[in-house]
2 protein chains.
Amino acid sequence: MALVVCKFGGTSVATPERVINVAKRLIAKHRAGDQVVAVVSAMGKTTDDLLRLAQAVTDDPPSREMDMLLSTGEQVSMSVLAMAIDALGCKSVSLTGGQVGIVTDAVFRKAKIREIKPDRIRMELADDKIVIVAGFQGVTRAGDITTLGRGGSDTTAVAVAAGLKADRCEIYSDVDGIYTTDPRVCPRARKLDVISYEEMLELAASGAGVLQMRAVEFARHFGVVIECRSAFTDEPGTLVKEVNDKMESAVVSGIAFDNSEAKVTIRDVPDRVGIAARVFGTIAAAMCNVDMIVQNISEDHYTDLTFTTPIQDLPRLRPILDEMIENLGAREYIIDESIVKLSIVGAGMKSNPGIAAKMFQVLADNEVNISLITTSSIRISVVIDGDQTQKAVQKLHTAFGLDSDKVFEETQLSGEELAAKMEKGR
Amino acid sequence: MALVVCKFGGTSVATPERVINVAKRLIAKHRAGDQVVAVVSAMGKTTDDLLRLAQAVTDDPPSREMDMLLSTGEQVSMSVLAMAIDALGCKSVSLTGGQVGIVTDAVFRKAKIREIKPDRIRMELADDKIVIVAGFQGVTRAGDITTLGRGGSDTTAVAVAAGLKADRCEIYSDVDGIYTTDPRVCPRARKLDVISYEEMLELAASGAGVLQMRAVEFARHFGVVIECRSAFTDEPGTLVKEVNDKMESAVVSGIAFDNSEAKVTIRDVPDRVGIAARVFGTIAAAMCNVDMIVQNISEDHYTDLTFTTPIQDLPRLRPILDEMIENLGAREYIIDESIVKLSIVGAGMKSNPGIAAKMFQVLADNEVNISLITTSSIRISVVIDGDQTQKAVQKLHTAFGLDSDKVFEETQLSGEELAAKMEKGR
C-alpha cells in the first residue's frame, strides 16, 4: 500500500464533467489499495473572474483581502470534487489550507510554506477517505488566509507529500511528462523516464514550463519524488528525483528555449569605474528584471552594455533608458524583441569538457549567430535570433543524441503556428 | 462612542456598485465616531449558482461538503467589501466564521451557534478598523465549516452583537422597518417605531418576512436591540427590543398573513381512540409539516379532521393521504390551496379580553367566512378564503386603530398584482 499525493491543475477540473473524471481516477487508485490525497487548483478561469471582481471595486486591493478572495477558488473546486467522489461511492473529505495546517509566513499573495501539520490528513486517511486538499493556500500563525503565488498548487502538493512522507507526488496536467525539448518545435523530442532535480530546475529556469521551480526546489529539499503525468491518459510519466551519482548521467538531458525576453544594448557608454553598478542599480530600482549581462571590451574609453529583460518590463524600462542615455552621455539604446534564449541542460556536463565548444560548433555549422552567452555548471545558454529557433533546437537535439525513434508528426508546427505560439508566450 | 453591528443582505451587496455604497455607509458611521462591525451575506444570486454547480456533479451532496462550498459566497462578498472600504480610505479587515470564532454544533446546513469568541474582533476594532464578518457560517469545535441555514446571516449579526455586547444590531434590507401590515395589501399600513421581541416572533411566525425568527429569538435571549432599516435611505427604522411593562402596550401591533399553506380535510374518519395520533404520526413520519389542526365534533362515530400544511409539502403528502383513506376507512380528503392564514398580534391582548370577539365580528360584518381558528396569548389566527385577504386586512387594520395618516398610494396592488404576489409567495 502506497501513500500517493495527486495534484490536478485548473484545466483538469474546469467543468463538472472533468471533476467527475478526476474523481474516477482517484477512486481507481484508492480501490487498487493506495492511500490517496488529492491537491486541486481552482476550476478553470475562476481565479481570473475573482481578480476581475476585485478590480471592479479598486485598482489597488489590499493583499490580505485578495488572498481571502482568491482562496475561495480552491475551496469551491475541492468541495465539488469531494461531492463527486461521494456520489461515486467512496468516502471523501475536503480540507482548506488552514484545516490541513499548511502554515505560511504572512507575505500575502506569495506566501512561503513554513510547516505542514499532517495530523488531520492522517486521521482522515485512517478513516478510509480520499482526502482533498486546497492547493495554492495556507494560513499564517495568526490564522489569516494566504496564497502561495504563481505555481502555488504544485508547491502545496510537494509540501503535503513531504509532510506525510508520501511515496510519491503525482502532478497531473495536459502534458504526459518532461520532454527533451518542446515536441511542437522538435518532432523528435523524447519523453524522459527520469530527470534530476538539478536538471529540472535549470530547464524550468530556462523556459520549460511543465513544473514550477518553487515546487521542484521544495521537492529537492525534502527528497520528494515527483511524477509528471497526463490527466487524460494512463501512460507512465517522468520521474523527477535525486539521480544516483553512480548512474551514467546524460551529457545533455534537455533543450529549453525562452522567447519572453528582449535584448537591450546601450551603445557607447563612457567607460568609468562603477558605470555598470550605476546602470543596473537604476534599472533594479524600477523593479525591472535583468537576466544575462555582457559588457564589451572598452574601445577609446567607450563601451557597449548589453542585457536581456522580460518583454513585459519594457514599458517601465523605456523612460528610464531615455533618461539614462542623457545622464550618462551614451549614444543610444537599441531594443531587440525578436531574440530567443536557447539553453542546453545536463548533469553530465560537469564531467564532460567541450560541451560548450560542441554547441557553438553545431550552431556555427548551421549559420546560427550567437549574440550572448551565459553558463552554469550544468547549463549553457545562448541568445540567438528568434527565427532560427526551430533549426537550432533540432540540430542540437540530434547532435547531442536526444532524438527519439518516434516522430511527433501530427504536432509539428508550421512556421506560422510557431510564430503564433511564440507571440502567445509573450 | 457606540459599538454597532450592521448586517447587509445579499441584495445590498449584489453588484460592485452596491458594495461601494455599503462601504460608504459604514465609513460614515465610523467617521461619526462609532465602532463598526459589518455582517454580510453572499452577493446576489451567488448561493444559487453554487447550488447549481453542486447539482451538476450529484443529486445528493454530503452536507459537510455543501457547507464547504456555500461558505465561499460570504467569503467573496466580505473580502470585496473590505477592499472597497480600503479604497475609500478607511482601514478594514474581513474575517471568516472560523476566524471570528463563531463556534457551532456539527449539524451541517442548519448549524446552531454555540459560542462566539469576540477577541479577534475586539483586537481589530482597537486597531481602528471596520471589521467585516462572514454571515451564515461558523465552524465546529473540530474545525469544520458549517452554515446556519435559512436566515443565518441575521442570526450571525445578532450573535456577534451579543458576543461583543454591542449597543445595537442594525439589519439593513430593502424595506425601511417593520410595518403594521404589508403596505402593498393595506395602503394605510404604518411603520412601527418599536416592537417587542414577543410580538416580532409571532408576526414572523405568521408570515411577516422582514426578520428571521431564529435571529429574533437569539436577540431576545441575549437582550440585543435590533433596528430594521433600509439599505437605501437614512430614515430611522423600527427597533425590536424588550418593551417595558410600564408602557401602554398596543392592543394589536400588527396584522400578518400567509398564503403558503393549504387546508386539508379528511372526511368521515371513523372516530376511534388514538385516531388523531395515527393520522398525524403518519404525516410527520413523511416529514410533512402540519400547522393548525381542528377535529370536528363526532357525529355517528365519524369525524372530520382538518389541518393546514405548506403547499410545498403537498406532493409528498398526497400519496400518504391516498393510502390513509383506504387504511382508515375514511370517505375522502379535500385539499384547498386558495386559503390564507390571517393573524393579529399584540402584547396588549393579554390584558384586554374580547379582542378575538371583536376580530370575528369585524370579519362577519364584512362577510368574510372563517374556517379555522388558533390562538396564542398574544396572537389570534384565522383561516379565510384567499380572495378576501385584502378586504379582511384593511378592515381589521382600521378597526384596531392601526391606520396611518399617510397612504401608500403608489405601492397599492391591483387585484391582479396581488394574485401574482401571492402566487410568487408560494
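Taking A:Ala219 as the residue in question, decide whether it is modelled with pLDDT under 90, among the small types (Gly, Ala, Ser) and outside any strand (DSSP E or B). No: the conditions fail for A:Ala219. All conditions in (1) more than 23 Å from A:Arg267 (Cα to Cα); (2) in a strand (DSSP E or B); (3) of a type outside the set (Asp, Glu) hold for A:Met359, with the sole exception of (2). Evaluate the following for B:Lys24: is it out of contact with any strand residue (DSSP E or B) (no Cβ under 9 Å at 6 or more places or on another chain) and part of a helix (DSSP H, G or I)? Taking the combined requirement at face value, the residue satisfies it.
Counting only residues that are in a strand (DSSP E or B), over 25 Å from the mean Cα position of the chain (by Cα) and not small (Gly, Ala, Ser), which one in segment A:89-122 is nearest to B:Arg64 (Cα to Cα)? Even if it seems obvious, please write down each step before you answer.
Filtering segment A:89-122 for residues in a strand (DSSP E or B) gives A:92-95, A:102-104, A:113-116.
This time we only want the ones that are over 25 Å from the mean Cα position of the chain (by Cα), so: A:92-95.
When the remaining residues are screened for being not small (Gly, Ala, Ser), the result is A:93, A:95.
Working: A:Val93: 8, A:Leu95: 11 Å.
Result: A:Val93.
Checking B:Arg120, B:Arg114, B:Arg109 one by one, the residue that is within 11 Å of chain A (Cβ to nearest Cβ) and surrounded by fewer than 24 Cβ atoms within 10 Å (Cβ to Cβ) is B:Arg120 and no other.
Which members of segment A:1-18 meet the condition of being closer than 20 Å to A:Gly97 by Cβ and either at pLDDT below 95 or within 12 Å of another protein chain (Cβ to nearest Cβ) (or both)? Within segment A:1-18, A:Gly9, A:Gly10, A:Ser12, A:Val13 meet the criteria. What is the number of the single condition among (1) more than 11 Å from A:Ser253 (Cβ to Cβ); (2) touching a residue at least 60 places away in the same chain (Cβ under 8 Å); (3) of a type in the set (A, V, I, L, M); (4) surrounded by 22 or more Cβ atoms within 10 Å (Cβ to Cβ) that A:Ala204 does not meet? Checking A:Ala204 against (1) more than 11 Å from A:Ser253 (Cβ to Cβ); (2) touching a residue at least 60 places away in the same chain (Cβ under 8 Å); (3) of a type in the set (A, V, I, L, M); (4) surrounded by 22 or more Cβ atoms within 10 Å (Cβ to Cβ), the one that fails is (2).
From the list A:Ala277, A:Ala286, the lone residue that is aliphatic (A, V, I, L, M), modelled with pLDDT under 90, surrounded by fewer than 21 Cβ atoms within 10 Å (Cβ to Cβ) and in contact with a helix residue (DSSP H, G or I) (Cβ under 6 Å, 6 or more places away or on another chain) is A:Ala286.
Selection over segment B:1-50 of residues that are under 25 Å from the mean Cα position of the chain (by Cα), of a type in the set (A, V, I, L, M) and surrounded by fewer than 20 Cβ atoms within 10 Å (Cβ to Cβ) gives a count of 1.
Every residue, every condition in (1) in contact with a strand residue (DSSP E or B) (Cβ under 7 Å, 6 or more places away or on another chain); (2) closer than 19 Å to A:Gly149 by Cβ; (3) at pLDDT 95 or above; (4) assigned by TED's automatic domain parsing to the domain that holds A:Ala161, yes or no:
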site	(1), (2), (3), (4)
A:Val37	yes, no, yes, yes
A:Met66	no, yes, yes, yes
A:Ser71	yes, yes, yes, yes
A:Ser77	yes, yes, yes, yes
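Residues are listed down the side, and each one gets a yes or a no for (1) free of Cβ contacts under 8 Å to residues at least 12 places away in the same chain; (2) touching an Asp or Glu at 6+ places or on another chain (Cβ under 8 Å); (3) loosely packed, with under 13 Cβ neighbours inside 10 Å:
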| residue | (1), (2), (3) |
| --- | --- |
| B:Tyr302 | no, yes, no |
| B:Pro310 | no, yes, no |
| B:Ile320 | no, no, no |
| B:Glu326 | yes, no, yes |
| B:Ala330 | no, yes, no |
| B:Glu337 | no, no, no |
| B:Val340 | no, yes, no |
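Quickly run through segment A:37-57 and pick out the residues that are in a helix (DSSP H, G or I) and within 11 Å of chain B (Cβ to nearest Cβ). Of everything in segment A:37-57, those that are in a helix (DSSP H, G or I) and within 11 Å of chain B (Cβ to nearest Cβ) turn out to be A:Thr46, A:Asp49, A:Leu50, A:Arg52, A:Leu53, A:Ala54, A:Gln55, A:Ala56, A:Val57. Could you tell me whether segment B:231-246 includes any residue that is more than 24 Å from the chain's Cα centre (by Cα) and either crowded, with 18+ Cβ neighbours inside 10 Å or under 30 Å from B:Gln390 (Cα atoms) (or both)? No: zero hits. Residues in segment A:123-147 that are assigned to a loop (DSSP other than H, G, I, E, B), of a type outside the set (S, T, N, Q) and surrounded by fewer than 24 Cβ atoms within 10 Å (Cβ to Cβ): A:Asp127, A:Asp128, A:Lys129, A:Arg141, A:Ala142, A:Gly143, A:Asp144.
Just checking, does segment B:216-223 include any residue being buried (at least 20 other Cβ atoms within 10 Å of the Cβ) and in contact with an Asp or Glu (Cβ under 6 Å, 6 or more places away or on another chain)?
Taking segment B:216-223 first, the residues buried (at least 20 other Cβ atoms within 10 Å of the Cβ) are B:216, B:218-219.
Then keep just the ones that are in contact with an Asp or Glu (Cβ under 6 Å, 6 or more places away or on another chain); that gives none.
Within segment B:216-223 (the criterion being buried (at least 20 other Cβ atoms within 10 Å of the Cβ) and in contact with an Asp or Glu (Cβ under 6 Å, 6 or more places away or on another chain)), the answer is no, since none of the residues qualifies.
Can you tell me which residues in segment A:12-57 are out of contact with any helix residue (DSSP H, G or I) (no Cβ under 8 Å at 6 or more places or on another chain) and of a type in the set (Ser, Thr, Tyr)? Correct list: A:Thr15 only. Across segment B:68-106, the qualifying residues are those that are of a type in the set (D, E, K, R) and either buried (at least 24 other Cβ atoms within 10 Å of the Cβ) or at the interface with chain A (Cβ under 8 Å from one of its Cβ atoms) (or both), and the one among them that is nearest to B:Glu124 (Cα to Cα) is B:Asp86. Among the residues making up segment B:167-216, those that are assigned to a loop (DSSP other than H, G, I, E, B), touching a helix residue (DSSP H, G or I) at 6+ places or on another chain (Cβ under 9 Å), acidic (Asp, Glu) and modelled with pLDDT of 90 or more are B:Asp167, B:Asp182. Within the set B:Gly152, B:Gly89, B:Gly138, the sole residue that is closer than 26 Å to A:Leu53 by Cα and at pLDDT below 95 turns out to be B:Gly152.
The values are calculated or read from the model by the stated rules, or taken from the named source; none is laboratory data. Because the structure is a prediction, the values reported are computed rather than measured. Don't worry about glycine lacking a Cβ; one is built from the backbone with ideal geometry, like all the others, and counts go over all protein chains shown.
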